[in-house]
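Participant: Let me begin by handing over the structure; questions about it come next.
We did not get these values from a lab; they are worked out from the coordinates using the rules stated. Everything numeric in this text was worked out from a predicted model, so none of it was measured. Glycine gets a Cβ as well: all are built from the backbone with ideal geometry, and neighbour counts include every protein chain shown.
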C-alpha cells in the first residue's frame, strides 16, 4: 500500500457523522429492546466473553459478514440468548458452532500471500484451542479461518485513501436508544473491543491483557442499567486502550468531575502539582495584575477541593480518562479540577509557603480546549536581531513565503509547538529546513485481507526546496503537544543540528478513526501507527526532548517562560544579557496571553 505523505492530517477532536440506519443492510432494531438483563454468573460471563470474541472474529473473516450480506449486529442479538442460556462451556460452544454452520457454507477457500514487511499480528491461535471452544466450534472456526484473505474488501471497515487509517462504515450508532438495552450495551462492548483487537495499530502497547478486559467488562455492561452508568462504563473501557485520542467525545461533560460550571482560570500541572497559570476570561485582568477575578494568584498550588486532597481526586478519576501517559493525565485532570455542578467550591491552596482556604465562584465555562503555552502576538516575532520565533498555533501555509523572508539570515529559529498547529505545515516549512532528502517518520497500517496484521510503510521524507534556512533550529514541546503537533516536531527535528527543548509530549500520534457506539455515542482511536524512520515508537512515549526543561511554580509566579529562555540560550549561549533574556521571554499576566483552542482538533 502506498501512503501519500502530503495527505497525512491529524486531529484531536472531529466532526462526526454516523451511518444512518437505512444505510445498514438488513438492519433490525427490535432485538432485545426493552428486555430484562439476565443475572450474570461466572458461567454466563464466560459464555458472553466467548461470544464476543467469536462474533468479532467472524465479523472480519466470514464472507457473509465481510461482504455485507448479513447485518452482523442483528446476528449478535439473535444468538446472544443462546450464550446466556448455555449452562456450561461445552453447551455454549456447541450452540455457537451450530450458529456458524447455519450461516451457510462459504465459497471455496483461497490462500493469499501476506505482504511484507509486517510490524505485528494479533494472536489468532485461540480459534484452534479445543479447551476454549470445544471440538464443534473449533472445526467451524477453522473452516472460516481458512477463507480469511479470500476477499480484498471488508463491509464494515475500509482504509482511507492515501493514508491507511481504518474507516468504520455501516456501524449503526442507534442514536434513538438512550439508554440502550442490555443487548445493545453488549454490542457496544463487542464492537469497540474487536475494533481495537483487529484495527488498532497500537494494540500491542496496551498494558492490560486485552482478553481479560473483555471478560471484565461483560458483567459491567450488562449491569449498566441507565444512561449515566452506561456512559461511565464506556469511558472506563475506552480509557483502557491508553490512547490519548480515545475518549468518549460525545459525553465529556459526564466524565468526573461532572458538571457544567468551572472556575474560570487555567490550571496546569507544574512540578507534578496543579498550579493556577492563566485566567480564562478576557477583560478580567490588566497587564500588571497578578490576582485573578476569583482572588487566586498566579502560581497558587491547589492542594484540595471541597476537602478532598488532589491526589485522591485524580486517583478516583483516572479510570475514566483516556490518556497515553501520566503527563497527559495530569494535563487533563488539572484542566477539569475545579469543575462541578455547584456554584461555589471550597479550595485549599498553597501560596508563598502558606496554606489558605478559599471559597470560589463557579460559572458556566464553555471553553475546555487546550490552553496553549506559546507567546501572545504575531505568528513570527523577532526576539532579537539574531533570533526569530515562529508559533504554529496561528501559522498559515499561504503565508510561508512571508515567514521565510522574516527568518532569513537569522542565527536561530525557535519553532514553538507547545500548541496545536492551525495549519498543516510539515512539508511547507520542513522542506526549507533540510539540505538533502531526509526521512523523518514511517507508518504502520492495517490489512483488510488479514485483520489484526499491521505493515510498515517506507520512510516519509522531506525533500529540500530553496530557500534553505541554515541557522540553528530549536523546537519547543510539552504535554500540550499532541497528534499533529508531535508529527510536526518529528519532521522539523530532522533538520541539521536541530534540538528539541521542553518536556514529554502527549504520546498520541496518528490519523484518527471515528467509531460510533450504540446510544448515539462516539469515540475515536489513533488509526495509523507513527514511528521514527528506525521504527522507534512515538505512541505513549511522545517526543522525547533533547534538553528537558519544564516550568516551575516560581517561574509562573514571576511570569517567566523558562522553556523559551533555554531555547534562546541554546542559540546564543554567551551573547545575550540575562536582563534582556528575561525581558524578551517574559509572560505578561494578561488574558490575551492565554491563547486557547476553540476546539481540541
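Participant: What number does segment 312-361 give for Rg over Rh if you use C-alpha atoms and the Kirkwood radius?
Facilitator: 1.04
Participant: Need one number: nm distance between label points at residue 143 and residue 87, each 7 Å from Cα along Cα→Cβ, rounded to one decimal.
Facilitator: Modelled inter-label distance: 2.8 nm.
Participant: Would you mind computing, in nm to one decimal, how far apart the modelled labels at residue 216 and residue 101 are, each placed 7 Å from Cα along Cα→Cβ?
Facilitator: About 3.8 nm, to one decimal.
Participant: Right, here's the next one. Compute for segment 261-364: radius of gyration divided by Kirkwood radius, i.e. Rg/Rh, restricted to C-alpha atoms, rounded to two decimals.
Facilitator: We get a ratio of 0.95 for segment 261-364.
Participant: Okay, moving on. How many nm is it between the label spots at residue 536 and residue 359, if each spot is 7 Å from the Cα in line with the beta carbon?
Facilitator: About 5.4 nm, to one decimal.
Participant: Okay, moving on. Enter the per residue convex hull volume of segment 173-269, computed from alpha-carbon coordinates, in Å³ rounded to the nearest integer.
Facilitator: So the per-residue Cα hull volume is 126 Å³.
Participant: Along the Cα-to-C-beta direction of residue 575, a point sits 7 Å from the Cα; which residues of segment 386-403 have their amide N less than 16 Å from that point?
Facilitator: Label zone hits: 386-389.
Participant: How do the peptides 211-217, 525-531, 191-197, 260-266 rank, highest first, by the average count of neighbouring beta carbon atoms within 10 Å per residue?
Facilitator: Result, highest mean first: 525-531, 191-197, 260-266, 211-217.
Participant: What is the calculated FRET efficiency for residue 121 to residue 42, with r their C-beta to C-beta distance and R₀ = 30 Å, to the nearest 0.05?
Facilitator: With R0 = 30 Å, the Cβ-Cβ based efficiency is 0.45.
Participant: I would also like to ask the following. Principal axes first, then extents: for the Cα atoms of segment 410-469, list largest minus smallest coordinate on each axis, whole Å, largest first.
Facilitator: Its Cα atoms span 51, 28, 15 Å along the three principal axes.
Participant: Over segment 456-563, what lengths in whole Å, largest first, do the semi-axes of the equivalent ellipsoid take, defined as the square roots of 5 times the eigenvalues of the alpha-carbon gyration tensor?
Facilitator: Over the Cα atoms of segment 456-563, the semi-axes work out to 28, 23, 12 Å.
Participant: A follow-up question, please. If we restrict to alpha carbons, what Rg and Dmax does segment 380-593 come to, in Å?
Facilitator: 18.6, 63
Participant: Could you give me the percent of Cα pairs per 10 Å distance bin for segment 398-500, shortest bin first, beginning at zero and ending with the bin that holds the maximum distance?
Facilitator: All Cα pairs, binned at 10 Å, distribute as 15, 42, 29, 10, 4, 0 percent.
Participant: Would you kindly state how much longer the chain becomes between residue 350 and residue 548 on full extension, computed as 0.36 nm times their sequence separation minus their alpha carbon distance, in nm to one decimal?
Facilitator: Roughly 68.7 nm would be gained on extension.
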